[in-house]
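Structure first, then comments.
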Amino acid sequence: MPQYIYLRVSTTGQDLDSQAGDVIKRFPSAEIVREIASGAKDRPVLEELIKSLKKGDTLIVAALDRLGRKAAEVIPLLDKMYKSGINIISIRESLDYATPMGKFVAQLLASFAEMERNLISERVKSSLRSKKDQGIKLGRKQVFECTEEVLRMREKGYSLRDIAGKTGMSKSNVAKILASRKEIP
């Protein structure tokens, strides 16, 4: 079955060899896939690699944090690969998801991820209900609700950008309000 070693560093100044050494020794026949990507979510090489993996393939990483910065990113990814029959090996964490213990850990991580998503959803719904019960209007202000506020801010010398930022409106809507009142010079 094909094996792929995914190596990632955040900047061009960092060295992939520090990750690669031990991993390549342990898996000399694995294909090496390198990526230089910031800590941001965009990891195009990893995304393409994962799309190309098939059931029975193995993805090897020096550490789970190479797959993402946060558990909320990594756990769903592991769960997706696990459910697709893709084996994941992480050297630092000594995890091999093809083993019974690895499968247990994958299922456990996936369960935690699902629980976390459910808890977040419950908190959001509870907060929205509470605000609604308090009579707080939810959602973005309508343009007509902001007209007087926009005009007052413009009189005080605020720029279009500042008004838009403080009211949550787009600059174009602020400009439309001011143009309708002939407030734009």
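The table for this structure:
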quantity	calculated
Residues of segment 87-141 satisfying the condition of being hydroxyl-bearing (Ser, Thr, Tyr) and either in contact with a helix residue (DSSP H, G or I) (Cβ under 9 Å, 6 or more places away or on another chain) or surrounded by 10 or more Cβ atoms within 10 Å (Cβ to Cβ) (or both)	Ser90, Tyr97, Thr99, Ser111, Ser121, Ser126, Ser127, Ser130
Residue pairs meeting the criteria (Cβ under 7 Å; at least 6 apart or on separate chains; first closer than 12 Å to Arg66 by Cβ and at pLDDT 85 or above, in segment 34-53; second in a loop (DSSP other than H, G, I, E, B) and acidic (Asp, Glu))	none
Boolean, Ile60 is over 18 Å from the mean Cα position of the chain (by Cα) and either assigned to a helix (DSSP H, G or I) or at pLDDT 90 or above (or both)	yes
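Rundown of residues vs (1) among the aliphatic types (A, V, I, L, M); (2) not assigned by TED's automatic domain parsing to the domain that holds Gly21, yes/no style:
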site: Lys70; (1), (2): no, no
site: Ile91; (1), (2): yes, no
site: Glu148; (1), (2): no, yes
site: Arg154; (1), (2): no, yes
site: Arg161; (1), (2): no, yes
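The values are calculated or read from the model by the stated rules, or taken from the named source; none is laboratory data. Here the structure is a predicted model, which is why all the values come from computation and not from measurement. Here Cβ is always computed from backbone atoms with ideal geometry, including for glycine, and neighbour counts include all displayed protein chains.
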